[in-house]
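**Student:** For reference, the structure I am asking about is given below.
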Amino acid sequence: GATMGPAELSELHGGLQSEGLVLSAATLEGLGRLDLRQADVAPGSRTLVISPASPSERLLKGLTEKGADIETLDFPDHAELFEDAHSNLPPTLTWTAAIDWLRHRFPAPCAPAYRDVASPPLSRLDLGDLIETPVHFGDDLWGVLALPTHVPLREAGVVFCNTGGDPRCGIGRFHVQAARRLARQGVASLRFDFAGLGDSPAREGLRSHIYETDRLGDLAAAVARLQDEGVLSVVLAGVCGGAHHVLHGSIALPEVEGAFMISPVRLVWTPESSLDIGKRDEGRATQAYMKGAVSLKTWRRLLAGRVDVAAVTRTLVTRLARKLQARDSESRRALLEGLARFSARGGRARFLMGVDDASVDEMETYFGAGGAWLKRQGDLS
């Protein structure tokens, strides 16, 4: 799960933030006042309570006393729904059961006759100096195209990829904000969903995954769709898992001239890699631990039992093992050769990460201390 902490935005004192998503103090206060037992219920109203475990007796009693006709329904696929985004599944069983309950309790007096009608035109959002349009392209992919209206269209355009298993808007709507800012500078962009994420339906046999699913076909279709708007130079941009696909898409697709990658926690995915909790790397950069080792504050936290020594040790040992395994591996050679080809054809790449980000270790695993190999490869940094 995401780490919750005090909001870093000064205007949101008392709020919480989780990976860039902010709950203001007012929102938290409103949530704290919610009490379903006090909900307005019409006498005799039919109410369905869906719960993965035995529902609260206090809740059922409170609603019943207000006159609600309560029925309960199991939630057998609750656990699958709330797994991490890379492996969770929609609660199809529960949705089906809920729809059946609605049909049984509220039968339509007469079923409407359905007619074949032409699909309505996709709605455009006109923001004055830019226009955003939903687009359907490739193998049943969906995205949003952002084009400038008040300034000339530049040669370069940007394709934004999904961040992990999240929809195309990005963490904290980063892709939305970036796309609009770029459009106002004359840069066209396409933010889209990989197959199986967001609005793009999964193909038969495909179960979405942050890293191991091949996204080259999706990226090629997105690049072609952006080029249809007159863009001559395409840049791929992505965060975390999206950065992984940007990296490999830039190497494989000759139409891509630029790559912008933020916090690429995994540059290479191997069969033995895992995203299971306890096996994936969720720590800070190794250099951050080294600095902490000589910090009096860290030792005080350690003595107070507020440092998980076993977890830190496991993280550092796992990283060391990865570095040793990658040093002469075929996957590392393939990555370096691919990036060298990308650079030789004039490609430009930028890797961006925080100084305490675990992706610093991933970069050094494949590119050496301080990314030394990159610095010898033309316009890669």
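**Student:** Sequence-distant or interchain residues sharing an amide H contact under 5 Å with ALA259, placed H: which?
**Tutor:** For ALA259, whose amide H was placed from the backbone, the distant partners under 5 Å are LEU236, ARG348, ALA349, ARG350.
**Student:** List the residues, sorted by chain then number, that are 5 or more residues from ARG168 or on another chain and whose placed amide H is less than 5 Å from its amide H.
**Tutor:** Sorted by chain and number, the residues that satisfy this are ASP199.
**Student:** Please give me the summed charge of the neighbours of HIS175: other residues whose Cβ is under 10 Å from its Cβ, Lys and Arg +1, Asp and Glu -1. Walk me through the intermediate numbers first.
**Tutor:** Numbers: positive: ARG168, ARG173, ARG180, ARG191; negative: ASP166.
Residues close to HIS175 contribute a combined charge of +3.
**Student:** Still on this structure: Show me the trypsin sites (Lys or Arg not before Pro) within region 317-351 that DSSP assigns to loop and that have at most 15 other Cβ atoms within 10 Å of their Cβ. Can you show the working numbers first?
**Tutor:** Values: sites: ARG319, ARG322, LYS323, ARG327, ARG332, ARG333, ARG341, ARG345, ARG348, ARG350; in loops: ARG345.
Hits after loop and neighbour filter: ARG345.
**Student:** When we measure straight from the Cα of LYS61, which aspartates and glutamates land under 19 angstrom away, once same-chain ones fewer than 8 places off are left out?
**Tutor:** Within the straight-line cut-off, LYS61 pairs with ASP35, ASP40, ASP69, GLU71, ASP74.
**Student:** A further question follows. Measuring with a 1.4 Å probe in the full set of protein chains, what accessible area per residue, in whole Å², belongs to region 171-251? It would help to have the intermediate numbers written out before the result.
**Tutor:** Values: 3070 Å² over 81 residues.
Accessible surface, normalised per residue, equals 38 Å².
**Student:** HN-Hα J couplings of region 219-227 from phi, Karplus 6.51/-1.76/1.60, θ = phi - 60°, integer Hz, Gly and Pro as x?
**Tutor:** 3J(HN,Hα) across region 219-227, in whole Hz: 5, 4, 5, 5, 4, 4, 5, 5, 5.
**Student:** Follow-up question, since we're still on this one. In whole Hz, with x marking every Gly and Pro, tabulate ³J(HN,Hα) for region 210-218 from phi via Karplus 6.51 cos²θ - 1.76 cosθ + 1.60, θ = phi - 60°.
**Tutor:** Residue by residue, region 210-218 yields 5, 10, 6, 6, 5, 10, 5, x, 4 Hz.
**Student:** Here is a further query. With a/c under 1.5 counting as rounded, go ahead and sort region 327-373 into rounded, prolate or oblate using the C-alpha gyration tensor (a ≥ b ≥ c being the square roots of the eigenvalues; past the cut-off, prolate if a/b is larger than b/c, else oblate).
**Tutor:** Taking the square roots of the gyration eigenvalues as a ≥ b ≥ c, region 327-373 is oblate.
**Student:** Using θ = phi - 60° and the Karplus relation 6.51 cos²θ - 1.76 cosθ + 1.60, list the HN-Hα couplings for region 340-355 in order, rounded to whole Hz, with x at every Gly or Pro.
**Tutor:** Result, ordered by residue: 5, 5, 4, 5, 5, 8, x, x, 10, 9, 10, 9, 10, 7, x, 5 Hz.
The values are calculated or read from the model by the stated rules, or taken from the named source; none is laboratory data. Just so you know, these numbers come straight off a predicted model, no measurement behind them. Every residue, glycine among them, receives a Cβ derived from its backbone with ideal geometry; neighbour counts consider all protein chains shown. SASA here: full protein model, heavy atoms, side chains in, ligands and nucleic acids out. Shrake-Rupley method; radii C 1.70, N 1.55, O 1.52, S 1.80 Å.
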